[in-house]
Amino acid sequence: MKALKDRIIRDGKCFEGGILKVDNFINHQMDPILMKSMAVEFVRRFASTKINKILTIEASGIAPAIMVGYLLELPVVFAKKKKPSTMENMLTTTVYSFTKDRTYDVCVSKDYLCPGDKVLFIDDFLANGNAAKGIIDLVQKAEAELVGMGFLIEKSFQHGGDYLRAQGIHVESLAIIESLENCQIKIKD
Ligand code: 5GP
């Protein structure tokens with residue numbers, strides 16, 4: 001998606017270890033106009049998919065997910081990274097975060113992720129695919145169906161996308177970063 005690629009080139013910052021910082025428009029300050037355009041693009045790319053629920057993971061997935069949910073007029077559920085003491089009926093999985101180099105539990109209530117749900121997962125980044133694998137586990141535990149996964153930015157050099165596509169999952173990424181070597185951002189045309 002051209003507008004996102006242009007913005008990454010303009011405002012994205014590269015950090016050691018293959019990290020792209022997009023704090024200026026996605027992860028800290030947010031650009032709602034761009035966020036809406038990205039959601040419109042997801043709606044277009046998943047137009048032939050039957051969906052009844054949007055799923056994301058807190059915190060950075062919530063903004064794009066709510067935009068998609070708004071456009072499709074569908075509920076948006078976010079998996080939580082901390083188990084609330086009041087939450088019963090929970091499904092839990094463990095995710096390794098390479099940006100933080102630690103594992104954390106992710107949970108979602110069975111009240112909101114239900115058997116038979118047709119779930120579109122939306123998140124900000126796809127890197128090694130660990131968060132995505134956790135989501136696949138939660139969706140399976142809920143006996144729901146994962147009908148697609150949409151990411152604002154995929155870092156193809158970390159191969160999470162290869163894994164997900166090899167599983168037969170419909171994956172859409174709005175910008176694909178091929179390399180961040182020498183702190184130079186190379187985006188797929
Ligand atoms: P994965 O689980 O696919 O390895 O990583 C995905 C998660 O890690 C995303 O939800 C995102 O929060 C975070 N992440 C991975 N790579 C980056 C990056 O380059 N920049 C930022 N800001 N977050 C990242």
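Looking across segment 43-61, the residues that are closer than 19 Å to A144 by Cβ and either among the hydrophobic types (A, V, I, L, M, F, W, C) or surrounded by 24 or more Cβ atoms within 10 Å (Cβ to Cβ) (or both) come down to F46, I51, I54, L55, T56, I57, G61.
Scanning segment 137-168 for residues that are near the ligand (Cβ under 10 Å from one of its atoms), outside any strand (DSSP E or B) and not aliphatic (A, V, I, L, M) yields Q158, H159, G160, G161, Y163. Number of residues in segment 107-131 that are within 16 Å of the ligand (Cβ to nearest atom) and β-branched (V, I, T) equals 2. Restricting attention to segment 82-104, does a residue exist that is under 14 Å from the mean Cα position of the chain (by Cα) and touching a residue at least 40 places away in the same chain (Cβ under 8 Å)? Taking every residue of segment 82-104 in turn, none turns out to be under 14 Å from the mean Cα position of the chain (by Cα) and touching a residue at least 40 places away in the same chain (Cβ under 8 Å).
Restricting V95, V76 to residues that are of a type in the set (V, I, T) and farther than 13 Å from L120 by Cα narrows the list to V95.
Filtering segment 15-57 down to residues that are of a type outside the set (A, V, I, L, M, F, W, C) and assigned to a strand (DSSP E or B), which residue is farthest from the ligand (Cβ to nearest atom)? The residue in question is K53.
A count restricted to segment 86-106 and to residues that are away from the ligand (no atom under 16 Å from the Cβ), in a strand (DSSP E or B) and not hydroxyl-bearing (S, T, Y) stands at 2. Against the numbered list (1) surrounded by fewer than 20 Cβ atoms within 10 Å (Cβ to Cβ); (2) touching a Gly at 6+ places or on another chain (Cβ under 6 Å); (3) among the charged types (D, E, K, R), D123 comes up short only at (1).
Residues in segment 32-42 that are among the charged types (D, E, K, R) and crowded, with 17+ Cβ neighbours inside 10 Å: E41 alone.
Confirm whether G134 is in a helix (DSSP H, G or I), surrounded by 15 or more Cβ atoms within 10 Å (Cβ to Cβ), within 16 Å of the ligand (Cβ to nearest atom) and small (G, A, S). It is true that G134 is in a helix (DSSP H, G or I), surrounded by 15 or more Cβ atoms within 10 Å (Cβ to Cβ), within 16 Å of the ligand (Cβ to nearest atom) and small (G, A, S).
Bear in mind these aren't lab numbers, they're just calculated from the coordinates by the rules spelled out. Keep in mind that this is a model prediction, so the values were computed, not measured. Note that each Cβ is placed from the backbone with ideal geometry, even for glycine, and that neighbours are counted across all protein chains shown.
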